[in-house]
Amino acid sequence: MHTLKGLAAVLALACTGAAMAAGPGGYPTKPVTVVVPFAPGGGSDNIARYVVSRLSERTGASFIIDNKPGAGTNIGNEFVSRAAADGYTLLFGQVTLAINPYVYKALKYNVQKNFTPIAHIADSPTVLIVTPALPVKSAKEFVSYAKAHPETINYGSGGKGTSVHLAGELFAATTGTKMVHVPYRGSALAMTDLIGGQVQSMFDTAPSALGHIKGGKVRALAVTGAKRLPDLPDVPTFAEAGITGFDAPAWYGLLAPTGTPAPIVQFLNAEVEQILKEPATRQRLAQLGAEPVGGPPQDFGKFIQTESERWSSVIRAANVTPE
């Protein structure tokens, strides 16, 4: 009896192993590096680590995070653009791929030419947050206050040309308000000064802002997107708050250097699709202020192009000059 149980266990393990080796040519046969162009511990990094850990578990291979922060994600992006197109160096890409070509003068990579989209992993809304000392309790009150005090409300960001800076520019254009942008060398520094009251407001991605909002350190007024965040059920969308036409989501996806074999791209896309369908994944992403997206690589490529056109218009309208 025990022998039969042992044999069944071995067969089950063998079947699992066979399922894990489903990639083309046994891919991956060695560790896969996933470059995250941000420092460890942030919202993007947390999303990346969860998805990468599930890829390791599903394939039985090692998928390893390599954080390469700096230069508005350009250091990490450029590193992957120059990597071998063999499926062993991937990029956990961000909305900056649609922004940086219009903010930096001399990028050493071309988003359309140097990257192959694999999977659109998740979107996360942008949250308008204020210091509790600011006498506003809603997005409408914020707009009214800003109009009554033009160029006196300031908003911090992780730097000029970042997605959260541009969210502020888009908000000002949409609402007809005039605010003062205060760039920092990273969103964490901007958040510290917002909590301390040195700046009054900030547009931040939900994964980065959630902990501070829940801790009562900052006040959330509204979120972008079509529906409220499950983890912030009392915070309305901008549309619910009476502000229409404003949307500035962050997004995350997996990309590879151009020339990566199509079977590997399709294999990785299929694995990510399965991961995104898992209830545990949806729950974890919700905790991180994100929502799974998915879809074929071609759709992700079209999405990046659409985002690129949208943000280029915002950048031109705001007269954000290249660095």
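Just so you know, all these numbers are worked out from the coordinates, no wet-lab data involved. Nothing here was measured: the structure is a model prediction, and the numbers come from that model. Cβ atoms come from the backbone with ideal geometry, glycine included; neighbour counts cover every protein chain shown.
Were the residues from GLU309 through ARG82 laid out at 0.36 nm apart, the gain over their Cα-Cα distance would be 79.3 nm. Values of log10 I(q)/I(0) for the chain across q = 0.10 Å⁻¹ run -0.59, by the Debye formula with one identical scatterer at each alpha carbon and no solvent.
The order of the peptides 278-286, 265-273 by mean Cβ neighbours within 10 Å, most packed first, is 265-273, 278-286. Peptide packing for 166-173, 234-241, 40-47 was compared via the average number of neighbouring C-beta atoms within 10 Å per residue; ordered from the highest value, the list is 166-173, 40-47, 234-241. Look at the dipole of the chain built from charges on Cβ: of TYR184, ILE275, VAL32, the Cα furthest out on the positive end belongs to TYR184. Amide hydrogen proximity for SER62: with H placed 1.01 Å from N in the peptide plane, the residues at 5 or more positions away or on another chain lying under 5 Å are VAL32.
For region 232-241, the Karplus equation 6.51 cos²θ - 1.76 cosθ + 1.60, evaluated at θ = phi - 60°, returns couplings of 10, x, 8, 9, x, 6, 4, 4, 5, 7 Hz by residue, with Gly and Pro reported as x.
Against the globular-protein guess of 2.2 N^0.38 Å, express the Cα radius of gyration of region 23-136 as a ratio, rounded to two decimals. Its radius of gyration relative to the 2.2 N^0.38 Å reference: 1.23. Taking the centroid of alpha carbons for each part, region 175-198 and region 84-113 are 26 Å apart. For the chain, the longest principal axis of the Cα atoms and the long axis of helix 297-318 meet at an angle of about 20 degrees. Think of each Lys and Arg Cβ as +1 and each Asp and Glu Cβ as -1; about the Cα centre, that makes the dipole of the chain roughly 200 debye.
Once Rg and the Kirkwood radius are both taken over the C-alpha atoms of region 275-323, their ratio Rg/Rh works out to 1.18.
Database remark: amide H of ALA222 closer than 5 angstrom to the amide H of LEU128 (H placed geometrically; neighbours at sequence offset of 5 or more, or on other chains; Pro and chain starts carry no H). In the structure shown, the pairs LYS140/LYS302; LYS113/LYS160; LYS160/LYS217; LYS30/LYS302; LYS105/LYS302; LYS108/LYS178 are assessed against 28 Å; a Cα-Cα span above that value is assigned to LYS140/LYS302; LYS30/LYS302; LYS108/LYS178.
Spin-label model, ALA226 to ILE65: label points 7 Å out along the Cα-to-beta-carbon direction sit 3.0 nm apart.
Near the amide H of TRP251, within less than 5 Å, lie the amide hydrogens of VAL95, SER124, all on another chain or at least 5 residues away, with H placed in the peptide plane. At 222 nm, what value in deg cm²/dmol follows for the chain if DSSP H runs of at least 4 each add -39500 (n - 2.57) and the sum is divided by all its residues, to the nearest 500? Counting only the DSSP helices, I get -13500 deg cm²/dmol. Among PRO31, PRO101, PRO233, which one moves the most in a GNM of the chain with springs linking Cα atoms closer than 10 Å? Of PRO31, PRO101, PRO233, the most mobile in the Gaussian network model is PRO233.
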